[in-house]
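To start, the structure under review is shown below, and the notes come after it.
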Amino acid sequence: MKVLVDADIVAFKAAAAVERPIDWGDGLWSLHAYEHEGRDAVTAYLKGVEAKLGECEFHLFLTSSTNWRKDVLPTYKENRTNTRRPLLLGSLRNWMLNELGALLVDRLEGDDLLGIQATDDPENSIIVSEDKDMNTIPALVFNPAKDDAPRLISEFEADKYHMLQTLTGDKTDNYDGCPSIGPVTAAKILDGLTSTVDMWEAVVAAYAKKKLSEEVALTQARVARILRTADYNKETGEVILWTPPTS
């Protein structure tokens, strides 16, 4: 079984965990981190996963500095521009690429790579991630911070969560969704619907009530979509934008 790891989260958590502040006196502070401690923290995270899942064939995935979603919504993740990153984040990412065989593909997020790989070989893949966006991928998913065992997300469940995200948006990623609709209201809008066609019609109707067009809803749906194998042409590197189902 291939264990597909959200290496963005692992690198960030490890880098943040080993930072140490020093008070030099007279109001002078500095922040430092030891590279070997960061690497040890990554290794410990992976060993912790292996302790829960058994022997693992790890495959690590990282996010590119360029992003196809910005072509759809230029303000996507713009809110993170001035956010300080942990000191060792870049170093750990490079170490993962050079020593741990992590994969990075131009214009794709690590989440996309996880979705593409997991849906390309669903019988032999487990996604390991603490990101709620993994709920939009029809696959085995394991959150080591919450789960006792991998959860199997069906295609319908994944599609429904995608529609939920389209309604609520994601402030962390800087896309708004439908104004004033939170998770509770979004769940009520989709409650009882049994097809993606019906769910999309309900989403469009919710946007229309806010005097927003289907095109606005479609933009939100496209950036909310974590790519699956059918959404990406591996030969050309082309992202195939999500289109609403018709039947």
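The values are calculated or read from the model by the stated rules, or taken from the named source; none is laboratory data. Since the model is a prediction, treat every value here as computed from it, not as a measurement. In this analysis, Cβ positions are derived from the backbone assuming ideal geometry, glycine residues included, and neighbour counts consider all displayed protein chains. Areas reflect the complete protein model, heavy atoms only, side chains present, ligands, DNA and RNA absent. Shrake-Rupley method; radii C 1.70, N 1.55, O 1.52, S 1.80 Å.
Tabulated results
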| item | result |
| --- | --- |
| The chain, helix-only ellipticity at 222 nm - DSSP H runs n ≥ 4, -39,500 (n - 2.57), divided by all residues, nearest 500 | -13000 deg cm²/dmol |
| Fraction of antiparallel bridges per DSSP, region 1-113 only, in percent to nearest 5 | 40 |
| Rounded tilt (10° steps) of 155-168 against the dominant C-alpha axis of the chain | 90 |
| Among beta bridges that DSSP assigns inside region 120-247, antiparallel share in %, nearest 5 | 60 |
| Choice from L108, L167, L28 with maximal GNM fluctuation in the chain (Cα, 10 Å cutoff) | L28 |
| Extreme residue, positive dipole direction of the chain, given options G38, G90, Q165 (C-beta unit charges) | Q165 |
| Bins of 5 Å, starting at 0 and running to the largest distance - Cα pair percent for region 1-144 | 2, 9, 17, 19, 19, 14, 9, 5, 3, 1, 1, 0, 0 |
| Across K13/K234; K188/K210; K2/K47; K132/K234; K70/K234, pairs whose alpha-carbon gap is larger than 22 Å | K13/K234; K132/K234 |
| Region 1-78 - charge dipole about Cα centre, Lys and Arg +1 at Cβ, Asp and Glu -1, debye rounded to 20 | 320 |
| Beta bridges per DSSP with both ends in the chain, % antiparallel, nearest 5 | 40 |
| Mean accessible surface per residue for the chain, computed with a 1.4 Å probe while every protein chain stays in place, in Å² | 52 |
| Using a Förster distance of 22 Å, the FRET efficiency for S64-K13 (Cβ separation, nearest 0.05) | 0.65 |
| Prolate/oblate/rounded label for region 77-128 (Cα gyration tensor, a/c 1.5) | oblate |
| Cα gyration tensor category, rounded, prolate or oblate, for region 3-69 with a/c compared to 1.5 | oblate |
| Rounded to 10°, Cα long-axis angle of helix 89-99 versus longest principal axis of the chain | 90 |
| Distance between region 145-214 and region 16-33 - C-alpha centres, whole angstrom | 42 |
| Cα gyration tensor, region 83-184 - rounded (a/c under 1.5), prolate or oblate | oblate |
| Sequence of E109, E123, E55, E157 when ordered by accessible area, the most exposed leading, probe 1.4 angstrom | E55, E123, E157, E109 |
| Against the rule of thumb 2.2 N^0.38 Å, how large the Cα Rg of region 116-247 comes out | 1.07 |
| Simple Cβ-charge dipole of the chain, Lys/Arg +1 and Asp/Glu -1, about Cα centre, in debye nearest 20 | 680 |
| Of all accessible heavy-atom area on the chain, the percent that carbon and sulfur account for (1.4 Å) | 51 |
| Extreme residue, positive dipole direction of the chain, given options I189, A14, N233 (C-beta unit charges) | I189 |
| Calculated P(r) tail over 33 Å for the chain, as whole % of Cα pairs | 24 |
| Nearest 10 degrees, 0 to 90: helix 7-17 Cα axis against the chain principal axis | 40 |
